[in-house]
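The values are calculated or read from the model by the stated rules, or taken from the named source; none is laboratory data. Everything numeric here is computed off the predicted structure, so don't read it as measured data. We place every Cβ from the backbone using ideal geometry, glycine too, and count neighbours over all the protein chains shown.
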Amino acid sequence: MTKVAVLHTSMVFVSVDPVITDLLGELLPDAEVAHFIDSDVLRTVMRDGSVSPSSASRLVHLAQAAEASGADIILSACSSLGPGADAAAATVTVPIVKIDAAMAEAAARQGNRIGVLATVPTTLGPTAALIRDKAADLGREVDVETRLAEGAFELLTAGARAEHDELIRAAALDLADRVDVIVLAQASMWRMTEGLAEATGKPVLSSPRLGVSDVAERLAAVEPAS
């Protein structure tokens, strides 16, 4: 049986919103899923304002534990810890998929002016950099504008979804006139994808389904053991 490990840096996708687990059940129904959680590292990154070597090493430890458990592939579920996922990939032999990698590539294909909307400030830089990297791989040049829905993540973790959603909606409407496509940098914003597309009149991308689909496609491309 194929084993998928998911690395979490907060409890959002474990206790607040199980969208990743649900999507894995939908797209990889026969896979064994294991969750590896450091419930404090995202808060540490937010406090520090960047991914320190210490925080990156904590994601490396999660990835190494996932590999030791027999995982065939690892999904890193935190966009803020993108540099940590890169560091982890250098220490394990199991492939690591960033949840936002497929989304970043889709954005780079779809628009020249890309808006990145986040609820955690430390996600803006890694997401914008990932989009630019994907655009470079495609031979394209893009302009990336970032916007923070300040305070929204704290509202979500406190269970105040309506207030969380309103902050994101206001930020998206403000951003929409200047971009071709809007990227929701936090996977926790996925529920708003369709509503924001309707409100802004612009394509809106979120990462959970694209990220899990990326995992499923990579597993499908691997020849089964004989």
### Message
Quick check on region 108-167: of everything there that is of a type in the set (Asp, Glu) and under 18 Å from Leu42 (Cα atoms), which residue is modelled with the lowest pLDDT?
### Response
Glu154
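What is the residue count in region 192-216 for residues that are among the polar types (S, T, N, Q), touching a residue at least 24 places away in the same chain (Cβ under 8 Å) and part of a helix (DSSP H, G or I)? Outline the logic, then answer.
Residues of region 192-216 among the polar types (S, T, N, Q): 193, 200, 206-207, 213.
Now narrow it down to the ones that are touching a residue at least 24 places away in the same chain (Cβ under 8 Å): 200, 206-207, 213.
Checking the rest, the ones that are also part of a helix (DSSP H, G or I) come to 200, 213.
Count: 2.
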#### Entry: Residue match in region 135-146 (condition: without any contact (Cβ under 8 Å) to a residue 40 or more places away in the chain and over 23 Å from Arg113 (Cβ atoms))
no
## Note on the structure
Filtering region 5-18 down to residues that are under 16 Å from the mean Cα position of the chain (by Cα) and either of a type in the set (S, T, N, Q) or not in a helix (DSSP H, G or I) (or both) yields Ala5, Val6, Leu7, His8, Thr9, Ser10, Met11, Asp17, Pro18
### Message
Could you check region 126-156 and list, in sequence order, the residues that are crowded, with 18+ Cβ neighbours inside 10 Å and part of a helix (DSSP H, G or I)?
### Response
Pro126, Thr127, Ala128, Leu130, Ile131, Arg132, Lys134, Ala135, Ala152, Phe153, Leu155, Leu156
#### Entry: Candidate set: region 100-119, residues that are among the hydrophobic types (A, V, I, L, M, F, W, C) and surrounded by fewer than 24 Cβ atoms within 10 Å (Cβ to Cβ); chosen: the one nearest to Leu210 (Cα to Cα)
Ala102
